[in-house]
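What follows is a single structure, written as structure tokens, with notes after it.
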There are 2 protein chains.
Amino acid sequence: MSELKGACIIGQSGGPTAVINSSALGVIETALDCGSITRVLGAAHGIRGVLDDKLYDMSQEDREELKLMRYTPSSALGSCRYKLADPDVDDTDYKRILEIFKKYDVRYFFYNGGNDSMDTCNKISKYMQKVGYECRVMGVPKTIDNDLNGTDHCPGFSSAAKFIATSCMEVHRDAHVYDTGMVTVVEIMGRHAGWLAGSAALATWAGYGPDLIYLPEVDFDMDKFIADVTAIYNKTGKCMVAVSEGIHYADGRFVSEAKTSATDGFGHAQLGGLAAMLAEIIKEKTGAKVRGIELSLLQRCASHCASARDINEAYMAGQAAVEAAVAGETDKMVAFDVTRDGANYTCTTALKPLDICANFEKKVPREWINAEGNGIEQPFIDYVLPLIQGELNVPQENSLPRFAKLKKVLTTEM
Amino acid sequence: MSELKGACIIGQSGGPTAVINSSALGVIETALDCGSITRVLGAAHGIRGVLDDKLYDMSQEDREELKLMRYTPSSALGSCRYKLADPDVDDTDYKRILEIFKKYDVRYFFYNGGNDSMDTCNKISKYMQKVGYECRVMGVPKTIDNDLNGTDHCPGFSSAAKFIATSCMEVHRDAHVYDTGMVTVVEIMGRHAGWLAGSAALATWAGYGPDLIYLPEVDFDMDKFIADVTAIYNKTGKCMVAVSEGIHYADGRFVSEAKTSATDGFGHAQLGGLAAMLAEIIKEKTGAKVRGIELSLLQRCASHCASARDINEAYMAGQAAVEAAVAGETDKMVAFDVTRDGANYTCTTALKPLDICANFEKKVPREWINAEGNGIEQPFIDYVLPLIQGELNVPQENSLPRFAKLKKVLTTEM
């Protein structure tokens with residue numbers, strides 16, 4: 001493969017994570033130090049920055065400051081949720097992207113995101129091939145939801161799982177302190193896949209966690225839920241429940257949206273979400289003191305509680321994307337191949353065609369969930385436990401996190 | 001003062017914190033190693049354990065395991081919210097307490113809690129004096145609310161403040177990632193005093209925090225709130241707000257309870273609390289994308305993000321209580337005297353009469369809040385910043401917290 005000289009663009013897309021900036025750093029540092037890549041441009045708010053010609057010159061950043069991206073949550077370059085049209089229907093955006101690529105002689109495009117971002121990546125790659133513009137396009141995976149196909153796991157998931165497990169352990173202690181009854185419902189992200197809510201089982205495995213866990217992989221039954229909780233509450237005076245925000249009835253309706261449904265019959269108005277609603281239902285049914293807790297954004301941005309392994313792997317994914325592209329690869333997503341053999345865990349990068357990664361949601365295998373559909377089996381623990389390992393020394397100032405402060409100098413020259 | 005030989009009881013009461021067990025450990029270790037104290041008994045669920053004769057023999061615990069209490073959140077001995085009657089009206093409980101004290105020859109009583117617990121302590125102390133039973137009674141302060149009178153600050157507050165500041169910084173990054181508008185409302189504990197919500201200002205001070213902060217010390221005005229948020233949102237496209245759960249209108253009604261009030265006119269049903277309600281109001285008024293986040297129990301149990309200084313001071317308070325009691329003191333609460341002189345911070349223990357500590361809520365000084373009542377002034381930062389200092393090495397197993405596992409052997413012998 002002949003050497004391809006030119007600029008690169010790195011963009012970040014979709015919901016941020018605690019480690020997406022570590023992946024971006026892996027791309028940026030590797031690209032800055034790579035002879036083939038002449039300029040490293042950061043897209044402001046993902047593909048929107050390309051369309052709007054808002055590109056940061058990453059060589060203007062202080063290299064030491066840049067390194068703090070490893071521990072800075074959320075997307076340092078900005079993110080977007082912009083979905084490109086089907087190019088056969090409307091190729092306006094693609095023409096514009098090509099125009100910008102030509103303007104800056106962009107020959108490498110790295111896109112850091114989840115399902116939708118891999119779709120964006122794939123569409124751009126196919127379009128550039130079609131119009132004969134040589135450009136190597138690589139996807140760098142990211143999603144706390146862990147639902148990307150073709151990879152053992154996704155950067156971002158492991159840190160969210162660690163925060164969820166740690167927080168559930170702490171909340172469990174707090175929710176068991178009184179000599180009076182108490183039911184606690186913890187709501188965890190994950191609209192279609194239950195990887196995050198399932199990770200609450202790590203807390204239970206460690207001795208202090210939910211008694212019951214409900215994932216979207218199993219149809220939710222309100223009567224069964226009430227019976228499950230009541231049985232444990234009546235026996236122990238306490239019950240802790242973890243639910244995925246995406247739990248739904250057999251007909252597909254989200255439980256969180258079924259507030260006025262005639263089927264569940266509770267008719268609760270709700271602003272505070274699923275945890276509050278379920279807690280209120282349990283309160284009515286059992287008379288128990290209840291508390292609904294929504295982990296909300298905290299679970300995806302808690303870099304102070306990130307998995308060191310996740311941070312390192314996220315970086316590795318970004319680095320591998322640049323190295324592979326420079327070596328001639330294109331149209332691929334960086335994936336992780338993992339072997340778990342007792343205490344031995346090894347994770348290496350692999351390249352998967354963008355086609356198989358985009359637009360497919362990987363679910364938790366049914367056999368990793370118990371038969372009753374209200375708990376997690378050991379294979380899930382064996383899967384996730386290695387991912388949360390490793391301690392950090394997060395850079396701090398005054399005992400508060402010290403985030404990367406980027407200059408974000410917009411590129412003006414051609 | 002002559003030496004007083006006898007058993008001691010340590011009880012924990014009220015809402016738990018990340019460091020209340022560090023105070024209990026300070027009491028237990030000091031008492032176990034003290035010649036005058038013949039037995040160390042832990043009360044199950046505070047004063048309830050005394051009334052129910054449920055007392056743990058702390059000498060049965062493994063000393064190394066016990067040390068993990070330093071990093072274990074919530075109340076390891078169990079807590080209660082039991083309020084003793086006025087002994088002049090009903091002395092049933094006091095007679096029972098005296099009976100138990102006599103049964104085990106209890107001559108030292110250490111009670112670890114907030115306002116109500118200092119009241120309990122005070123009543124027991126006065127009763128024992130009245131009936132002529134020699135017993136030294138000491139309060140060990142604890143409350144995330146930081147509203148105890150007579151002390152510079154309370155163990156538990158500093159760690160909660162650190163978690164709040166850290167989380168607000170992380171949420172700020174997450175809430176500013178998109179190129180679209182967003183208003184985020186973070187709800188923080190504190191029913192009557194705004195110390196915790198005010199601590200969110202540390203995040204702003206560090207560069208990434210709320211634009212607006214509302215404390216219960218200033219009457220809340222919904223129209224003013226909407227105007228404040230709208231002004232910032234219109235200017236920057238984003239707005240982050242921190243509110244104390246205890247914000248109230250001028251007539252004293254809590255905003256969180258005013259859901260059907262004719263005065264605010266919004267008529268929102270709410271289960272999920274204040275943050276969700278305020279976010280919804282802003283959404284209706286501005287059309288902005290909104291998110292309400294309630295830090296809930298996480299803020300008081302997040303021992304993984306505790307302040308090392310808080311943990312050490314909490315231990316010191318417990319230790320000082322035992323040392324003072326053995327030296328002859330009684331009827332006192334351990335308080336902190338602090339000098340803040342630039343980077344120099346010193347904290348020493350002092351003893352304050354229980355009378356002045358109980359049943360009085362210390363508020364944030366009005367001059368530490370800005371004139372508009374929607375932000376925090378520098379003196380608050382100068383006050384709280386030293387308290388959150390110090391890094392921990394929290395003991396872990398499999399990269400998850402390793403909490404103290406106590407045997408809790410009930411005392412059977414007299």
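The values are calculated or read from the model by the stated rules, or taken from the named source; none is laboratory data. Predicted model, so just to flag it, every value in this text is computed and none were measured. In this analysis, Cβ positions are derived from the backbone assuming ideal geometry, glycine residues included, and neighbour counts consider all displayed protein chains.
Of all residues in the range B:167-209, how many are more than 30 Å from residue B:315 (Cβ to Cβ), within 18 Å of the chain's Cα centre (by Cα) and in a helix (DSSP H, G or I)? Counting residues in the range B:167-209 that are more than 30 Å from residue B:315 (Cβ to Cβ), within 18 Å of the chain's Cα centre (by Cα) and in a helix (DSSP H, G or I) gives 0. If the condition is being among the β-branched types (Val, Ile, Thr) and part of a helix (DSSP H, G or I), then the range B:269-324 contributes B:281, B:282, B:286, B:311, B:322. Within the set B:20, B:28, the sole residue that is surrounded by 24 or more Cβ atoms within 10 Å (Cβ to Cβ) and out of contact with any helix residue (DSSP H, G or I) (no Cβ under 6 Å at 6 or more places or on another chain) turns out to be B:20.
Of all residues in the range B:1-34, those satisfying the criterion of being outside any helix (DSSP H, G or I) and within 13 Å of chain A (Cβ to nearest Cβ) are B:11, B:12, B:13, B:14, B:15, B:16, B:17, B:18, B:19. Only a single criterion out of (1) under 25 Å from residue A:403 (Cβ atoms); (2) within 14 Å of another protein chain (Cβ to nearest Cβ); (3) not basic (Lys, Arg) is not satisfied by residue A:110, namely (2). Among the residues in the range B:365-374, are any in contact with a Cys (Cβ under 7 Å, 6 or more places away or on another chain) and either assigned by the TED database to the domain that holds residue B:202 or of a type in the set (Val, Ile, Thr) (or both)? No, the conditions are met nowhere in the range B:365-374.
Among the residues of the range A:74-94, what is the count of those that are within 18 Å of residue A:28 (Cα to Cα) and either outside any loop (DSSP other than H, G, I, E, B) or not assigned by the TED database to the domain that holds residue A:20 (or both)? Of the residues in the range A:74-94, 1 are within 18 Å of residue A:28 (Cα to Cα) and either outside any loop (DSSP other than H, G, I, E, B) or not assigned by the TED database to the domain that holds residue A:20 (or both). Of the residues making up the range A:35-58, those that are part of a helix (DSSP H, G or I), of a type outside the set (Val, Ile, Thr) and crowded, with 24+ Cβ neighbours inside 10 Å number 2.
The rows are residues; the columns are (1) over 14 Å from the mean Cα position of the chain (by Cα); (2) closer than 27 Å to residue A:246 by Cβ; (3) part of a helix (DSSP H, G or I); (4) in contact (Cβ under 8 Å) with a residue 12 or more places away in the chain.
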position: A:96; (1), (2), (3), (4): yes, no, yes, yes
position: A:107; (1), (2), (3), (4): yes, no, no, yes
position: A:118; (1), (2), (3), (4): no, yes, yes, yes
position: A:124; (1), (2), (3), (4): yes, no, yes, yes
position: A:150; (1), (2), (3), (4): yes, yes, no, yes
position: A:165; (1), (2), (3), (4): yes, yes, yes, yes
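Checking each residue in the range B:333-377 for being touching an Asp or Glu at 6+ places or on another chain (Cβ under 7 Å) and within 17 Å of residue B:321 (Cα to Cα) picks out B:336, B:337, B:347, B:348, B:350, B:351, B:353, B:354, B:358. Restricting B:207, B:198, B:190 to residues that are on the phi > 0 side of the Ramachandran plot, buried (at least 21 other Cβ atoms within 10 Å of the Cβ) and assigned by the TED database to the domain that holds residue B:278 narrows the list to B:190.
Here B:313, B:323, B:361 are screened, and the one residue that is in contact (Cβ under 8 Å) with a residue 24 or more places away in the chain, among the charged types (D, E, K, R), surrounded by fewer than 22 Cβ atoms within 10 Å (Cβ to Cβ) and under 16 Å from residue B:148 (Cα atoms) is B:361. Within the range A:375-414, being more than 22 Å from residue A:68 (Cβ to Cβ), touching a helix residue (DSSP H, G or I) at 6+ places or on another chain (Cβ under 7 Å), in a loop (DSSP other than H, G, I, E, B) and β-branched (Val, Ile, Thr) holds for no residue.
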